[in-house]
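Colleague: Let me give you the structure first, and then I'll get to my questions.
The values are calculated or read from the model by the stated rules, or taken from the named source; none is laboratory data. Not measured: the values here are computed from a predicted model. Cβ sites come from the backbone with ideal geometry, for glycine too, and all protein chains shown count toward neighbours. All accessible areas refer to the heavy atoms of the entire protein, side chains included, with ligands and DNA or RNA removed. Shrake-Rupley method; radii C 1.70, N 1.55, O 1.52, S 1.80 Å.
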Amino acid sequence: MRRHPTSRPAAYSTSRALARRRFARGLRLIPLIALAGLFLVPFYLLLRNGLATEADITGPEWTFFPDSLHWGNLRELFDDSSVPMSRALWNSAVIAVLTTVGTLVLASLAGYGLARIEYPYANHVFYAFLVTLMVPSAVTFVPSFVLVSALGWISTLRGLIIPTLFSALAVFLFRQYFLGFPRELEDAARVDGLGHWRTFWRIVVPNTRPVFAAVGAIVFIGSWNSFLWPLVIGQDRDAWTVQVALATFTTAQTVNLHELFIAAAVSILPLLVVFLVLQRHIVAGAERSGIDD
């Protein structure tokens, strides 16, 4: 069989086009790899300094890693009697989980009501929610502290959690998501005799996992990293959170660098786990709820 005379040039042209596309894709990957490397630098510093001695950290000569890694720093961290690190991690975990669950329940109900339940002045109520986003937290900090103190909630989980449950941002994100939720599913539920309450829990919530994951991750990270409110309310050592415990490694008298770095590395592990587990849902929820808008 005779080969068509134009088949070889066509194949050559196709291979050149594929090569150009691969080359262009490689060029696009270079800045992404560079940015990923910059993003990993803080994690490298935490790991490097957390497994080093004070002399390795403050020495004039910098090495990529110390000659010997001091894994005993981790044991020293949890054996340090001046900083209850184990208790602080437990407090932060409990506060972050309860705050996240409470915020998701309250914000999702408020967002669904603003998006689906028609009543007079619904838009005015929504605008009132948005106005609270413009109020600096410093304005409400002192009144909140006075109220918590009057209720006797100093150094308690109630004082650390309940005042932080309201999130106007979470309400806004849920409302935006529910506005795009298919009404056909809700109409079918109402035909079956379900009201707003049962429709929300049986139909809406099971089909909106991405936005719950995205908002939940935002709230969890914000609660875990919160410092000023736990510092003021958690006055007893047993009520310290991990961020307050980290601050005690640097005082006017002493600076314990290697414990500070290893403690910071330990404190970010829960955040990494949350992100890795919910990564797919977080991206989907961010695309649908308007987080990037």
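Colleague: Can you pull out the residues in segment 64-98 that are open to solvent by 60 Å² or more (accessible area, probe 1.4 Å), more than 15 Å from GLY50 (Cβ to Cβ) and in a helix (DSSP H, G or I)?
Modeller: Across segment 64-98, the qualifying residues are ASP79, SER86, ARG87, TRP90, VAL97, LEU98.
Colleague: Okay, moving on. If you take the residues in segment 116-151 that are part of a helix (DSSP H, G or I) and β-branched (Val, Ile, Thr), which one is nearest to the chain's Cα centre (by Cα)?
Modeller: Among them, the one singled out is THR132.
Colleague: List pairs: first in segment 238-260 and free of Cβ contacts under 8 Å to residues at least 24 places away in the same chain, second crowded, with 20+ Cβ neighbours inside 10 Å and not in a loop (DSSP other than H, G, I, E, B), Cβ under 6 Å, 6+ apart or cross-chain?
Modeller: If the second residue must be crowded, with 20+ Cβ neighbours inside 10 Å and not in a loop (DSSP other than H, G, I, E, B), the pairs left are LEU246/ALA263.
Colleague: Moving on to the next point. For LEU46, indicate whether it is touching an Asp or Glu at 6+ places or on another chain (Cβ under 6 Å) and in contact (Cβ under 8 Å) with a residue 60 or more places away in the chain.
Modeller: no
Colleague: If you take the residues in segment 239-260 that are at pLDDT below 90 and either farther than 23 Å from ASN73 by Cβ or aromatic (Phe, Trp, Tyr) (or both), which one is most open to solvent (accessible area, probe 1.4 Å)?
Modeller: ALA252
Colleague: Here's another thing I want to ask about it. Which ones in segment 158-172 are crowded, with 16+ Cβ neighbours inside 10 Å and part of a helix (DSSP H, G or I)?
Modeller: GLY159, LEU160, ILE161, ILE162, PRO163, THR164, ALA168, LEU169, ALA170, VAL171, PHE172
Colleague: Could you tell me whether segment 247-265 includes any residue that is under 21 Å from the mean Cα position of the chain (by Cα) and assigned to a loop (DSSP other than H, G, I, E, B)?
Modeller: No, segment 247-265 contains no residue that is under 21 Å from the mean Cα position of the chain (by Cα) and assigned to a loop (DSSP other than H, G, I, E, B).
Colleague: Something else: Among (1) open to solvent by less than 20 Å² (accessible area, probe 1.4 Å); (2) small (Gly, Ala, Ser); (3) part of a helix (DSSP H, G or I), where does ALA52 come up short?
Modeller: Of the numbered conditions (1) open to solvent by less than 20 Å² (accessible area, probe 1.4 Å); (2) small (Gly, Ala, Ser); (3) part of a helix (DSSP H, G or I), the odd one out for ALA52 is (3).
Colleague: Taking the residues in segment 173-209 that are within 20 Å of VAL105 (Cβ to Cβ) and β-branched (Val, Ile, Thr) as candidates, determine which candidate is surrounded by the fewest Cβ atoms within 10 Å (Cβ to Cβ).
Modeller: It comes out as VAL205.
Colleague: Residues in segment 174-183: is at least one under 22 Å from the mean Cα position of the chain (by Cα) and either more than 26 Å from LEU114 (Cα to Cα) or not in a helix (DSSP H, G or I) (or both)?
Modeller: Within segment 174-183, not a single residue is under 22 Å from the mean Cα position of the chain (by Cα) and either more than 26 Å from LEU114 (Cα to Cα) or not in a helix (DSSP H, G or I) (or both).
Colleague: So which residues in segment 99-121 are exposed (fewer than 14 other Cβ atoms within 10 Å of the Cβ) and of a type outside the set (Val, Ile, Thr)?
Modeller: Selection gives GLU118, TYR119, PRO120, TYR121.
Colleague: Name the pairs: first residue in segment 148-175 and touching a residue at least 24 places away in the same chain (Cβ under 8 Å) and on the phi < 0 side of the Ramachandran plot, second residue outside any loop (DSSP other than H, G, I, E, B) and among the basic types (Lys, Arg), Cβ to Cβ under 9 Å, at least 6 apart or on different chains?
Modeller: Sorted first by the residue in segment 148-175, then by its partner, the pairs are VAL148/ARG158.
Colleague: Does GLU61 satisfy the criteria of being free of Cβ contacts under 8 Å to residues at least 40 places away in the same chain, open to solvent by 40 Å² or more (accessible area, probe 1.4 Å) and over 20 Å from ILE221 (Cβ atoms)?
Modeller: Yes; evaluated as a whole, the condition is true for this residue.
Colleague: Taking ALA213 as meeting all but one of (1) closer than 28 Å to TYR119 by Cβ; (2) part of a helix (DSSP H, G or I), write down the number of the exception.
Modeller: (1)
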